[in-house]
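Here is the structure we will look at, set down as structure tokens.
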């Protein structure tokens, strides 16, 4: 398990062995299409999961298209985190 803050530190910790990346999509750095696409390009096999306080359809569609596999409301994410890391 690794924790990162900020775009540069976050991406630098991703490699071919990374299985899951969990992002706070309310953070303006992590909710960008460029950031999600960058993660996806580093490792195409890892699961990218994110959570937001409120999910807006436009944001959801944009992040899914960029490569985010799972986007959940924060309340649901906390209750179901065990299924994401299993």
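The values are calculated or read from the model by the stated rules, or taken from the named source; none is laboratory data. Predicted model only: the values in this text are computed from it and were never measured. No Cβ is skipped: glycine too gets one built from the backbone with ideal geometry, and neighbour counts run over all protein chains shown.
Some points to look at:
- Flag: residue 25 matches the condition of being modelled with pLDDT of 90 or more and in contact with a strand residue (DSSP E or B) (Cβ under 7 Å, 6 or more places away or on another chain).
- Applying a threshold of 7 Å to beta carbon distances and a minimum spacing of six or more residues, or different chains, the list of pairs starting in segment 1-30 at a residue that is exposed (fewer than 11 other Cβ atoms within 10 Å of the Cβ) and ending at one that is modelled with pLDDT of 85 or more and part of a helix (DSSP H, G or I) is empty.
- Residue that is touching a strand residue (DSSP E or B) at 6+ places or on another chain (Cβ under 8 Å), outside any helix (DSSP H, G or I) and under 21 Å from residue 17 (Cβ atoms), where the choices are 55, 36, 48: 48
- Residue count for segment 49-81, restricted to those that are surrounded by fewer than 18 Cβ atoms within 10 Å (Cβ to Cβ), in contact (Cβ under 8 Å) with a residue 24 or more places away in the chain and under 16 Å from residue 35 (Cβ atoms): 4
- So residue 86, is it part of a loop (DSSP other than H, G, I, E, B), at pLDDT below 90 and in contact with a helix residue (DSSP H, G or I) (Cβ under 7 Å, 6 or more places away or on another chain): no
- Within segment 1-22, the set of residues being over 10 Å from the mean Cα position of the chain (by Cα) and either modelled with pLDDT of 80 or more or not in a loop (DSSP other than H, G, I, E, B) (or both) comprises 7, 8, 9, 10, 11, 12, 14, 15, 16, 17, 18, 19.
- Subset of segment 32-47 (residues that are closer than 23 Å to residue 83 by Cα and buried (at least 20 other Cβ atoms within 10 Å of the Cβ)): 36, 39
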